[in-house]
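Engineer: I'd like to ask some things about the structure below.
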Amino acid sequence: MASSRSILNEQEKKAIMIAGIAVLFFLITILFRDELYFVAQAKQYLSIHTILEFLSITVSLSIAIQGWMIFPQHLSRYRLWYSGIFLIIGIIDLLHTLSYKGMPGLIVTESSTQKATWFWVAARLTQACMLFLIMFVPDKQVQSRQKKTVFIFSLLYVLVISYIIIRYEQTLPLLVIDGKGTTNLKNFLEYIVILFYASTVLMMLLSYKKQPKTSYLDLILAFVFLVLSELLFTLYKNVYDVQNFLGHLYKGISYIYFMKGIYIATIKEPYDARKKAEEELKKREKHLKTITSSLGEGVIVLDKDKKITFMNQEAERLLGYQKEELLEKAWFQKIHCGSENQCASPRECPIHQTLELKKAYRVEEDFYVRKDGTLLPIAYVSTPMIDDNGEVIGSVVVFRDITERKKYDEKIKYQAYHDALTDLPNRRYLIEKLKNELKSAEKHNSQIAVLYLDLDNFKNINDSFGHVMGDLLLKNVAQRLKMIHPDCFIARLGGDEFAVLLSGNFNVEEIACKTIQILSQPIKLENKEVFVTTSIGISVYPKDGDDEMTLIQHADMAMYDAKKKGKNQFSFYTTKLEQQRTRASKIEQLLRTALENEEISVYYQPIVDAVSKRIIGLEALARWHHPEIGDIPANEFIAVAEENGLIVSLGKHILITALQDLKHLHEIGFDHLYVSVNLSLRQLRHHDFTALISQLLQKNKLQANYLELEITENIALCDEQHVIDSIQELKDIGVRIAIDDFGIGYSSIGYLRTISVDTLKIDKSFIFDVTTNPNTAHLTSALITFAHNLNLQVVAEGVERAEQLYFLEQHHCDKIQGYLFSPPVSFEQLVSLLHNSPSRY
């Protein structure tokens, strides 16, 4: 590539030098016009002019003839049009020469300067316009019949031009005046020609820049000489002077470069390309022979009777035969057609089909018989050999040993059906196994049980000891399950979920209890004792389902029911679970339109000062009354909203309503009240949540300390930096933060070091038996003291009896919330309650 580019650079330098010399001579004749000016005698100049013109004519016709001769082999639109253009130019230039002043003239008319000049201008305009326009049409292959069309057009064009000039010579405008030179019209026409030539040169330069070709340089030089020639023809005063002579000389040189460029483009370059292609073909044939001799695949050539005519060394090695042992032998007896049993009929063989149907066949797995009688697993391609008459003369079979591939496929299949960590069957394997077991159970009228296991609080193990220890625990659990159920199908479904498939005679309750008991025993991992429990869901065929997916789904539902009941136990699938799932699904569907239909309202439960018994705050609670199914408990639809993401829209609706209602309460005189709103983790994860709070406070003209946002302990324990930052941003703008249901979440209270809160809300489960259970009483008292030591306010939830209130007063609880004072009420009821409250200021 570098050498070819170097040669091209040399050619560019040569072209620039030639163009420079031509321009130099042109400038000398212009700058020293008077000193160099002379007028040759008519007879002397006539000979020179005739020679130069016939040189141009010869070149033009040579280009035309060359194109017509080459065209059938090189069906190029450019080449055909170039031939037509130069045929026109050659004939018109011939007419110009014969009608030149001093020449004998044409058969039908005498010579004259006027006639010769019009032939000249017609030739130049035709040449300039057509060569310019051809640049705008892309080259492509054309039909050979267009050759005749172009030839006829060229002759008709010449006849029309000749008729006009000869017939109307006397009425056409003068172009040259002897002794004075060219007229303005002649110069104007020449300038038009120059403009077309210059534009063509520019376009050729752009084409050369995109695709450097030697032929482009010659064509560019040709146009440069034509431009200089035309400029000279606008400057001569006498048809016999030096400018006219130099113009004809430049024109002849340009035609020579045209012929050279077109020759290179249509003969030399295609010839060089073909020669290069032939050399490349020979090189590839040599490489092919080398490759075939060392090919890692067996190659066998069969004739039309399926007898072996050739086999390479690799085929000999794979089959264990010498070439001579198989040549001219039938190949069919050595093929087993994709199985370990030989084909029943030759017609089943793909190689036979190749010969019969004249099409190639690819076989991914088959067996050939080695010389020692063993089977060789192979993949092969059988391709027909077809002669020039379309007849099949044989086939080529290229085959390779797929023994290693089969081993790899078996390994991949094993990996696809087994868990990489525990080496237990995976979910896919369980589904296929259960499907087959169901067919057998249906046939023998037997039972099948699916035990769906999920380790309780496995995330805590990962968080406390790391994922490596978590993986070791899963392996240990898998080993224990194999020990508990040595004859059962055990699978890991993913994460910390396992399944046990029971069939035949079994006591499922006994097996489930045994599994829970053994798995609850301590597990020693790297000198550490780890305790883990499991929840098990059970579905039984046929009463709980008659297909594999239904049984797995029902066992999964039963497992979640076991977790809801307190974990470390088993639960059977019942239709009640299905009803619960159906109801949850229906709630999810209805919830999507509930907000739009304004079905969800906000109720408020008063928060009372423990000392003054005055209502000082409100907790905003969502309530949903559906027109068809009635009141839907908040714990039901909020749990669904958390799962499907609608909690963000629901939470926004509650915030907007609560702050609007608080604004109204302030306006009617209850400006000491604050409102407390529960938050979900999804809301805090929302990127513009803090901005929404600021916007709502500003819109309702409320100070930030009148809004308290309640978060649960699992949110406080979240280690997501965005959530932590969001809580801090809320604190920074003055919003109060409360920990809801304090005491029933995780045992860690370390989050209080990183998250700044204002209030702890003691869960109602503590208040329920605070007066009857001494341990609960001590723990509640300790929680209040703990909060006060941290300068936190304490709210006791679920206060329903006077003795509970008395206990809280004795231990200095700050605020009380519960049915003892008021249940959650609508906004209208709240306003009435506030007006009737004896503690109202």
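The values are calculated or read from the model by the stated rules, or taken from the named source; none is laboratory data. Source: prediction; values computed, not measured. For neighbour counting, all protein chains shown are included, and Cβ atoms are generated from backbone atoms with ideal geometry for every residue, glycine included.
Engineer: For region 502-616, which strands (runs of 3 or more DSSP E) that fit wholly inside it have 1 or more residues that are within 30 Å of Val825 (Cα to Cα) and over 48 Å from the mean Cα position of the chain (by Cα)?
Structural biologist: In region 502-616, 600-609 are the strands (runs of 3 or more DSSP E) which contain 1 or more residues that are within 30 Å of Val825 (Cα to Cα) and over 48 Å from the mean Cα position of the chain (by Cα).
Engineer: For the structure I just gave you, tell me whether Gly373 is without any contact (Cβ under 8 Å) to a residue 12 or more places away in the chain, more than 30 Å from Asn476 (Cβ to Cβ) and among the small types (Gly, Ala, Ser). Even if it seems obvious, please write down each step before you answer.
Structural biologist: Values: without any contact (Cβ under 8 Å) to a residue 12 or more places away in the chain: yes; more than 30 Å from Asn476 (Cβ to Cβ): yes; among the small types (Gly, Ala, Ser): yes.
Answer is yes for this residue.
Engineer: Would it be correct to say that Phe489 is in contact with a helix residue (DSSP H, G or I) (Cβ under 9 Å, 6 or more places away or on another chain), modelled with pLDDT of 85 or more and surrounded by fewer than 21 Cβ atoms within 10 Å (Cβ to Cβ)?
Structural biologist: Criteria met by Phe489.
Engineer: For Leu525, state whether it is modelled with pLDDT of 90 or more, in contact with a Leu (Cβ under 8 Å, 6 or more places away or on another chain), hydrophobic (A, V, I, L, M, F, W, C) and in the same structural domain as Arg480 (by TED's automatic domain parsing).
Structural biologist: No: the conditions fail for Leu525.
Engineer: A further question on this structure: Restricting to region 521-550, what's the tally of residues that are free of Cβ contacts under 8 Å to residues at least 12 places away in the same chain, at positive phi and surrounded by fewer than 20 Cβ atoms within 10 Å (Cβ to Cβ)? So that I can check it myself, show each step before the final result.
Structural biologist: The initial filter retains those residues of region 521-550 that are free of Cβ contacts under 8 Å to residues at least 12 places away in the same chain, namely 521-522, 524, 527, 529, 531, 543, 545, 550.
If we keep only those that are at positive phi too, we end up with 527, 545.
Filter again for surrounded by fewer than 20 Cβ atoms within 10 Å (Cβ to Cβ), leaving 527.
Summing the residues that are free of Cβ contacts under 8 Å to residues at least 12 places away in the same chain, at positive phi and surrounded by fewer than 20 Cβ atoms within 10 Å (Cβ to Cβ) in region 521-550 gives 1.
Engineer: Of everything in region 399-429 that's touching a Lys or Arg at 6+ places or on another chain (Cβ under 9 Å) and aliphatic (A, V, I, L, M), which residue is nearest to Leu474 (Cα to Cα)?
Structural biologist: By that ranking, first place goes to Leu421.
Engineer: Ok, one more. Can you confirm whether region 252-266 contains a residue that is out of contact with any Ser or Thr (no Cβ under 8 Å at 6 or more places or on another chain) and modelled with pLDDT of 80 or more?
Structural biologist: Checked against the condition, which is being out of contact with any Ser or Thr (no Cβ under 8 Å at 6 or more places or on another chain) and modelled with pLDDT of 80 or more, region 252-266 yields at least one hit.
Engineer: Follow-up. Which residues, taken from region 617-639, are closer than 16 Å to Ser826 by Cβ and either part of a strand (DSSP E or B) or touching a residue at least 24 places away in the same chain (Cβ under 8 Å) (or both)?
Structural biologist: Selection gives Leu618, Glu619, Ala620, Leu621, Ala622, Arg623, Trp624, His625, Asp631.
Engineer: What number goes with the only condition from (1) of a type in the set (D, E, K, R); (2) modelled with pLDDT of 75 or more; (3) part of a helix (DSSP H, G or I) that Glu110 does not pass?
Structural biologist: Here Glu110 clears every test but (3).
Engineer: Which one of these is out of contact with any Asp or Glu (no Cβ under 9 Å at 6 or more places or on another chain) and modelled with pLDDT under 90: Phe458, Phe506?
Structural biologist: One residue alone meets the criteria, Phe506.
Condition check ((1) in contact with a Gly (Cβ under 8 Å, 6 or more places away or on another chain); (2) at pLDDT below 75; (3) crowded, with 20+ Cβ neighbours inside 10 Å) across all residues:
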{"residue": "Met203", "(1), (2), (3)": "no, no, no"}
{"residue": "Leu206", "(1), (2), (3)": "no, no, no"}
{"residue": "Gln211", "(1), (2), (3)": "no, no, no"}
{"residue": "Ser215", "(1), (2), (3)": "yes, yes, no"}
{"residue": "Ala222", "(1), (2), (3)": "yes, no, yes"}
{"residue": "Val227", "(1), (2), (3)": "no, no, yes"}
{"residue": "Tyr236", "(1), (2), (3)": "yes, yes, yes"}
{"residue": "Tyr240", "(1), (2), (3)": "no, yes, yes"}
{"residue": "Leu246", "(1), (2), (3)": "no, no, yes"}
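Engineer: In the set Thr533, Thr515, which member is more than 26 Å from Lys433 (Cβ to Cβ) and of a type outside the set (Lys, Arg)? Steps first, please.
Structural biologist: Working: Thr515 fails: more than 26 Å from Lys433 (Cβ to Cβ).
Testing whether each residue is more than 26 Å from Lys433 (Cβ to Cβ) and of a type outside the set (Lys, Arg) leaves just Thr533.
Engineer: Spot the failing condition for Asp547; the list is (1) modelled with pLDDT of 90 or more; (2) charged (D, E, K, R); (3) farther than 15 Å from Leu434 by Cβ, and only one is missed.
Structural biologist: Of everything listed in (1) modelled with pLDDT of 90 or more; (2) charged (D, E, K, R); (3) farther than 15 Å from Leu434 by Cβ, Asp547 misses just condition (3).
Engineer: Which residue, of Pro173, Pro104, is assigned to a loop (DSSP other than H, G, I, E, B), modelled with pLDDT under 85 and more than 23 Å from Val227 (Cβ to Cβ)?
Structural biologist: Working: Pro173 fails: modelled with pLDDT under 85.
The unique qualifying residue is Pro104.
Engineer: Only one of these conditions is not met by Glu636: (1) modelled with pLDDT of 85 or more; (2) assigned by TED's automatic domain parsing to the domain that holds Arg736. Which number is it?
Structural biologist: (1)
Engineer: Name every residue in region 756-803 that is within 58 Å of the chain's Cα centre (by Cα) and basic (Lys, Arg), in order of residue number.
Structural biologist: Lys761, Lys764
Engineer: Looking at region 136-164, I want the residues that are in the same structural domain as His96 (by TED's automatic domain parsing) and have a partner that is of a type outside the set (Gly, Ala, Ser) and exposed (fewer than 10 other Cβ atoms within 10 Å of the Cβ) with Cβ atoms under 7 Å, at least 6 apart or on another chain. Which pairs are those?
Structural biologist: As it stands, the answer is Ser144/Pro72, since those pairs meet every condition given.
Engineer: On to the next question. Of all residues in region 630-677, how many are among the polar types (S, T, N, Q) and buried (at least 20 other Cβ atoms within 10 Å of the Cβ)?
Structural biologist: Of region 630-677, the ones among the polar types (S, T, N, Q) are 635, 644, 649, 657, 660, 676.
Subset that is buried (at least 20 other Cβ atoms within 10 Å of the Cβ): 676.
Residues in region 630-677 being among the polar types (S, T, N, Q) and buried (at least 20 other Cβ atoms within 10 Å of the Cβ): 1 in total.
Engineer: Taking region 349-365 only, how many residues are at pLDDT 85 or above and closer than 25 Å to Gln322 by Cβ?
Structural biologist: Residues that pass the stated criteria total 0.
Engineer: Among what's in region 1-46 and is among the hydroxyl-bearing types (Ser, Thr, Tyr), at pLDDT below 70 and under 19 Å from Leu249 (Cβ atoms), pick the residue that is surrounded by the fewest Cβ atoms within 10 Å (Cβ to Cβ).
Structural biologist: Tyr37
Engineer: Of the residues in region 569-595, how many are acidic (Asp, Glu) and either assigned by TED's automatic domain parsing to the domain that holds Phe670 or in contact with a Lys or Arg (Cβ under 8 Å, 6 or more places away or on another chain) (or both)? Outline the logic, then answer.
Structural biologist: Residues of region 569-595 that are acidic (Asp, Glu), as a first pass: 578, 588.
Among the residues that remain, those that are also either assigned by TED's automatic domain parsing to the domain that holds Phe670 or in contact with a Lys or Arg (Cβ under 8 Å, 6 or more places away or on another chain) (or both) are: none.
Qualifying residue count, region 569-595: 0.
Engineer: In addition: Tell me, please, whether a residue that is of a type in the set (Phe, Trp, Tyr), surrounded by 14 or more Cβ atoms within 10 Å (Cβ to Cβ), at pLDDT 90 or above and within 30 Å of Thr759 (Cβ to Cβ) can be found in region 588-610.
Structural biologist: Within region 588-610, the first condition is being of a type in the set (Phe, Trp, Tyr), and the residues that meet it are 603-604.
Narrowing the set further to residues that are surrounded by 14 or more Cβ atoms within 10 Å (Cβ to Cβ) leaves 603-604.
Filter again for at pLDDT 90 or above, leaving 603-604.
Those still in the list that are within 30 Å of Thr759 (Cβ to Cβ) too: 603-604.
Yes.
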